[in-house]
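Read-outs: derived from the displayed coordinates by stated rules, not from any lab. If you're wondering where the values come from, they're calculated on a predicted model, not measured in any experiment. Note: ideal-geometry Cβ built from the backbone for every residue, glycine included; neighbour counts use all protein chains shown.
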């Protein structure tokens, strides 16, 4: 099978893990479980759990201890989208061609479904203690990374600065800050947790963090490039949205040529660093290059 | 010093711990840290961290391992209030005499401040691993309780049913469900975590869960009673609010006399169970009786 076929199979496997960890919809509070599942099963690249699992494999990780963390991270990513779409935030009615959670379930339930997903992410991650009690120390470290990279020094921090700077214009330093935190932090979380749970050394985890940071930033710059250069058909969502929203992006600040060069440079650095680890996971190398060079 | 004086001192000690664990307001994302501190430092009874610490002491717990959990639980309680007050939820402009978070910082920041507090609660709790690495197993158990009691099978579950049943009237079974989850779950969390971190046995933790459940329900019924029998001056907030909101409460369903009898019966059961543990913490016994018999 080629890597592209492998990717489809891996997405299916990840979605089976997500299904396994989503709560059964039952009891008086059935509706919230339905709202949680509605947003989590809406599709997507499953990039974060995939990077976590592949990094886990890169370091020789075996067994199911990584699975609750894979599900947890995707729940965190999903809750951030559910809250992002709320009327007081981006006020989006559609995502991935489906009505957004608050449009289907009402605004109060949209807020609560996001809260429930964030909380359930930790409820899910701690199940790793039952799967591999002998790895309590690594699981503790992984929980620390999960929480830190999702919070005010990670994703939420980036989100806050993005919201606060809306319509004010951004300089390059602030834009980098937002990219590193809003997009980069969860990708760092994914790869670092995979490494930690597989028993990587502290130094290796630091290298993985740098690789992931590069991947996150290159991924986000490519997003900006596609918004300008792609077609709506190819991308599957409206193009020129940044221009319409008068949003400062890497492309508006540095220009298209510079942006494309930076994607190359940063993703090459990521791949070089990955090779410097002297470990084997050809699929992971392919995945990183695929992500930053994607056309949609 | 009498118990009442002791309580004031303990509140001060708890607020010092909260201050210690709140993030410093700095960096591009300074505003969110300010919004978090604004809501957490707004006062309140500090009931949950106090019950946690006193239960920890009841079982002979020593050292600081309980402190990050005390702060974490108060952050979870606070985030739930911040989101409760949002326009799409209860739409409250004031709480404890101060403007609510979203009124001061805007609705988007209100949503994000709540998210940030919930996330930071787990970020804070995992610091216990650094304080007492030799207690990793108990800390893992405590994290599990923290997450479960705050989520869809705990506080959020009660909140969801409360929101969904608004204006529809409630039967007694559903009302009990809401009280047990919305109010009871975090009190169970408080006392169970205190017990677990102090090394209580599984059977003792189960007894503590039952005590805490009783305390939570008696506390909530007393809330309903005070809304009918107290004065605005005494209570420090508007009375007859349940009647105005056409809300089903324990008092509207069972009547004032029955409600008062049930508070007695349930709180007596809690104190009997506490004594059945054959451990000594007179302050905790006093606190439980004080809470359910409070006049405000």
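Show me, bin by bin at 5 Å from 0, the whole-percent P(r) of chain A based on Cα pairs.
Once binned at 5 Å, the Cα pair distances of chain A give 1, 5, 12, 16, 19, 18, 14, 9, 5, 1, 0, 0.
Using only C-alpha atoms and all pairs of different ones, pull out the Kirkwood radius for segment B:81-132 in Å with one decimal.
Values: mean 1/r = 0.0835 Å⁻¹.
Its Kirkwood hydrodynamic radius stands at 12.0 Å.
If you take the Cα atoms of segment A:1-144, find Rg, then find the Kirkwood Rh from the mean of 1/r over all pairs, what is Rg/Rh?
1.00
What whole number of Å gives the distance from the Cα centroid of segment A:81-117 to the Cα centroid of segment A:131-178?
Between the Cα centres of segment A:131-178 and segment A:81-117 lies a distance of 21 Å.
Expressed as a rounded percentage, what relative contact order does segment B:43-125 have, with Cα pairs under 8 Å and six or more residues apart?
Numbers: 80 pairs, mean separation 27.7, N = 83.
Across segment B:43-125, relative contact order equals 33 percent.
How many Å³ per residue does the convex hull of the Cα positions in segment A:151-218 occupy?
Details: hull volume 5.0 nm³, N = 68.
Spelled out: Cα convex hull of segment A:151-218, divided by residues, is 74 Å³.
Per residue of B:101-110, how many C-beta atoms from partner chains lie within 10 Å of its own C-beta, taken as a mean? Please report the intermediate quantities before stating the final value.
Values: counts 0, 1, 0, 0, 1, 3, 4, 12, 4, 1.
For this peptide, the per-residue mean of nearby foreign Cβ atoms is 3.
Taking each residue of A:185-194 in turn, how many C-beta atoms of other protein chains fall within 10 Å of its C-beta, and what is the average? Display every interim value, and only then the final one.
Numbers: counts 0, 0, 0, 0, 0, 0, 0, 0, 0, 0.
Mean partner shielding for this stretch: 0.
Going by Cα centres, segment B:48-62 and segment B:1-36 are how many Å apart?
18
Residue B:203 to residue B:294: FRET efficiency via 1/(1 + (r/R0)^6), r the Cβ-Cβ distance, R0 22 Å, to the nearest 0.05? Don't jump to the answer; show the numbers that get you there.
Numbers: r = 31 Å, r/R0 = 1.40.
Calculated value: 0.10.
In bins 10 Å wide, starting from 0, what share of all Cα pairs of segment A:70-169 does each bin hold, as a percent?
With a bin width of 10 Å, the distribution comes to 15, 39, 30, 13, 3, 0.
For the protein assembly as shown, what is the convex hull volume of its Cα atoms per residue in Å³? Please report the intermediate quantities before stating the final value.
Details: hull volume 86.0 nm³, N = 592.
Spread over its residues, the Cα hull of the protein assembly as shown gives 145 Å³ apiece.
Per residue of B:124-130, what is the mean number of Cβ atoms on other protein chains within 10 angstrom of that residue's Cβ? Write out the running numbers ahead of the final one.
On the way: counts 2, 4, 10, 2, 1, 7, 2.
Mean partner shielding for this stretch: 4.
Report D for segment A:181-278 in µm² per second (integer): Stokes-Einstein, Kirkwood Rh on Cα pairs, 37 °C, 0.692 mPa s.
224
Over segment A:191-296, what relative contact order in percent results from Cα pairs under 8 Å that are six or more residues apart?
Contact order relative to length: 35 percent.
Any number yet on Rg/Rh for segment A:247-296, C-alpha, Kirkwood? List each step's numbers first, then the result.
Numbers: Rg = 13.2 Å, Rh = 12.2 Å.
Ratio value, two decimals: 1.08.
Averaged over every viewing direction, what's the projected area of the C-alpha convex hull for segment A:25-109? Give it in nm², one decimal, please.
6.6
Over all directions, how big on average is the projection of the convex hull of the alpha-carbon atoms in segment A:116-188, in square nanometres?
Values: hull surface 22.4 nm².
Average projection, Cα convex hull of segment A:116-188: 5.6 nm².
Could you order the peptides A:93-106, A:30-43, B:86-99 from most to least packed, using the average number of other C-beta atoms within 10 Å per residue? Write out the running numbers ahead of the final one.
On the way: A:93-106: 17.0, A:30-43: 19.8, B:86-99: 15.0.
Ranked from most to least packed, the peptides come out as A:30-43, A:93-106, B:86-99.
Ranked highest first by the average count of other Cβ atoms within 10 Å around their residues, in what order do A:204-210, B:197-203 fall? Numbers along the way, then the final one.
Working: A:204-210: 18.1, B:197-203: 15.6.
So the peptides A:204-210, B:197-203, ranked by packing, come out A:204-210, B:197-203.
Using helices alone, I'd like the mean residue ellipticity at 222 nm for chain A: each DSSP H run of four-plus residues gives -39500 (n - 2.57), total over residue count, nearest 500.
On the way: 17 runs with 206 residues, N = 296.
Only helices count here, giving -21500 deg cm²/dmol.
Compute the relative contact order of segment B:3-292 as a whole-number percentage, counting only Cα pairs closer than 8 Å that sit 6 or more residues apart in sequence.
Here the relative contact order equals 19 percent.
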